[in-house]
Amino acid sequence: MNALFRIISPFSFTFKALLVGLAIVFGDVTVAAQSIFLQSVSNPDQFIRYQYSKGVVTKIVTDLDKSDATFRIVRGVSPKCSDCISLESVNFPGMYLRHQNYRLILTTISNDLDRADASFRQVGGLAGMGNSYESFNFPNHFIRTLNGALSIEAKKEDPAYYRDASFLQKSGLIDSPAPVTTITGRVCFANVWW
C-alpha cells in the first residue's frame, strides 16, 4: 500500500478525491461490505444459511430464516490468502461460516486454523453459472450442498456435484442499510485488495 501511495503521491489530492467520491474514507479504510444471500443452483428454492450453528440449505420462510441466510462477503480472514473471501453473519457480526471436519458451521474466529477454515476462493460456478467457493486450506475442495447439509468436498467430475457446489449471489433479502466494514490499510477496487 505504501508503494502504491509513493507512486501516486504527485497525484495524491486527485487520488484522494477519487476515493472519497467512491465512498472510501482514508485513515482506516472504510469499505461498504456486500450483503448477500446464496441461492443453491441444484435447489433454486433453497439458500445457504445456518441453523443451530450448522451450515444448511433450506427454504426461506420467516424473517429469522432471512436473517440467518444473509451474509457479508468480506476480505478473507486468513492473512495468508490475499485473494480469499469470508462469509460473515449479518445477525451475528464477528461469526463466520467455516469448515470443521469438512462440515460448515457458524463460529467465532480465534486462531490461525479458524481463519484458514473460514477463507474461501470465490471462483466461477462449476455448473457454468453463479459462483463456487474453494477452501483455502483444502485446495480443490468446494462448499457443496448434500441432503440439506453444507460441507466441503473434493471436486468431482460430475454434473450433480457441479450443481451442488454452485450458488447464485442475490441481494436485497433484508430491508436494512448496507453494513460497513473497516479494513485497516487496504482498499478493494475492481475486486482486487490493495
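The values are calculated or read from the model by the stated rules, or taken from the named source; none is laboratory data. Bear in mind that the values here come from a model prediction, so they are computed numbers and not experimental data. Because the Cβ atoms are built from the backbone with ideal geometry, glycine has one as well, and the counts that use them run over all protein chains shown. Side chains are part of the model used for accessible areas, which takes the heavy atoms of the whole protein and leaves out ligands, DNA and RNA. Shrake-Rupley method; radii C 1.70, N 1.55, O 1.52, S 1.80 Å.
Here are some notes:
- Top-ranked residue of the stretch 103-145 - restricted to ones that are among the aromatic types (Phe, Trp, Tyr) and in a strand (DSSP E or B), ranked as farthest from ASP83 (Cα to Cα): PHE142
- Flag if LEU97 is buried (at least 18 other Cβ atoms within 10 Å of the Cβ), in contact with a strand residue (DSSP E or B) (Cβ under 8 Å, 6 or more places away or on another chain), in a loop (DSSP other than H, G, I, E, B) and touching a residue at least 24 places away in the same chain (Cβ under 8 Å): no
- Residue list for the stretch 100-112, filter: without any contact (Cβ under 8 Å) to a residue 24 or more places away in the chain and out of contact with any Gly (no Cβ under 8 Å at 6 or more places or on another chain): GLN100, ASN101, SER110, ASN111
- Residue in the stretch 16-34 that is at pLDDT 95 or above, within 29 Å of PHE138 (Cα to Cα) and surrounded by 15 or more Cβ atoms within 10 Å (Cβ to Cβ) present: no
- All positions within the stretch 60-89 that are in a loop (DSSP other than H, G, I, E, B), closer than 24 Å to ASN111 by Cβ and open to solvent by less than 70 Å² (accessible area, probe 1.4 Å): GLY76, VAL77, SER78, CYS81, CYS84
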